[in-house]
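Data block below; observations after.
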Amino acid sequence: MSKQQIDVIELACERDERELFSAVSFCLQPGDVLQVAGPNGAGKTSLLRIMAGLMPATAGDISFAEKSILSGSGREYWRRNLLYIGHAPAVKSALTAEENLSWLCALTRPVSSEAIWQALDQVGLRGFEDVPCRQLSAGQQRRVALARLYLPGAPIWILDEPFTALDQAGVLTLEQHIMSFAASGGTVVLTTHHSLAHVAGVRRLELGRVN
Ligand SMILES: Nc1ncnc2c1ncn2[C@@H]1O[C@H](COP(=O)(O)OP(=O)(O)OP(=O)(O)O)[C@@H](O)[C@H]1O
């Protein structure tokens, strides 16, 4: 077994006493990209939040590097290896793009200002580094959040609707970035209603079934 393998085992989730999914099992190796698909309300965000440690599962387990991440000693190691970007951009409107990134990185792994400026450049925000985020468009705010994907760090990305509000060029750039991250051994779990036309070898999970 790969030391960095992720095993999702018989996972179940209920919200408001309604079962969203049950017996969801899959295994991810470094280099895998998994698209969690399904209609609105199917539980895609819930699954990603469980994986990110933000809400409990009703049943089942997730292990990483052979340790459970839902409880016990594996949890902290998992967090250090994980970058989760939720479906809301989660940028602080009063802070600039640079300040937002510094703040977000300080919570996990601090990086230099130079690295932050380079990351903002990569997502097309050159010239907007010092602008308070409330003065940025929805797509630009999304780009601030996504700039974290261009900073050195976690080998596992969990991305909830990362393409929301991006223009066509932004979608293409992000797809290519996801592909090169996976090619270098990164693991990606994401939800999107896009077809991921430019990402090769994407696996799909449809409420417990992996193709
Ligand atoms: N905060 C909450 N409290 C209680 N129930 C919730 C909450 N958030 C979502 N739900 C319920 O959980 C179910 C699944 O929501 P979830 O966001 O996981 O679905 P989704 O597949 O990501 O949907 P979408 O495609 O619309 O983003 C929905 O029926 C929703 O009503």
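What follows is calculated from the coordinates using simple rules that are stated; it is not laboratory data. What you see is a predicted model; the values in this text were computed from it and never measured. Ideal geometry is used to build each Cβ from the backbone, glycine not excepted, and the neighbour counts take in all protein chains shown.
Data overview
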{"item": "Under the Karplus curve 6.51 cos²θ - 1.76 cosθ + 1.60, θ = phi - 60°, whole-Hz ³J(HN,Hα) for segment 174-188, x wherever Gly or Pro sits", "result": "5, 4, 5, 5, 4, 5, 6, 4, 5, 5, 8, x, x, 10, 10"}
{"item": "Beta bridge orientation in the chain: antiparallel %, DSSP, nearest 5", "result": "50"}
{"item": "³J(HN,Hα), Karplus 6.51/-1.76/1.60, whole Hz, each residue of segment 89-104, x for Gly, Pro", "result": "x, 6, 9, 7, 5, 7, 8, 6, 4, 5, 5, 4, 5, 4, 5, 4"}
{"item": "Compactness of the chain, expressed as Rg and Dmax over alpha-carbon positions, Å", "result": "17.0, 49"}
{"item": "The chain - charge dipole about Cα centre, Lys and Arg +1 at Cβ, Asp and Glu -1, debye rounded to 20", "result": "100"}
{"item": "MRE, 222 nm, helices only [DSSP H, n ≥ 4, -39500 (n - 2.57), over the chain, to nearest 500]", "result": "-8500 deg cm²/dmol"}
{"item": "Surface/4 of the Cα convex hull for segment 24-101, nm²", "result": "7.0"}
{"item": "DSSP-assigned coil residues among trypsin sites (Lys or Arg not before Pro) in segment 1-102, each with at most 15 further Cβ atoms within 10 Å", "result": "Lys3, Lys92"}
{"item": "Mean separation of Cα contacts under 8 Å, 6 or more apart, over the residue count of the chain: relative contact order %", "result": "28"}
{"item": "Distance (nanometres) between label positions extended 7 Å along Cα→Cβ at Gln29 and Ser195", "result": "2.9"}
{"item": "Extension reserve of the Arg75-Asp61 stretch, reckoned as 0.36 nm per residue once the Cα distance is removed", "result": "3.9 nm"}
{"item": "Reciprocal of mean inverse Cα separation for segment 73-191 (Kirkwood radius, Å)", "result": "14.4"}
{"item": "Kirkwood hydrodynamic radius of segment 136-200, from inverse mean 1/r over distinct Cα pairs, in Å", "result": "12.1"}
{"item": "GluC sites (Glu not before Pro) within segment 8-47, DSSP loop, no more than 13 other Cβ atoms inside 10 Å", "result": "Glu17"}
{"item": "Ile9-Asp130 FRET efficiency (beta carbon distance; Förster radius 41 Å; 0.05 resolution)", "result": "0.30"}
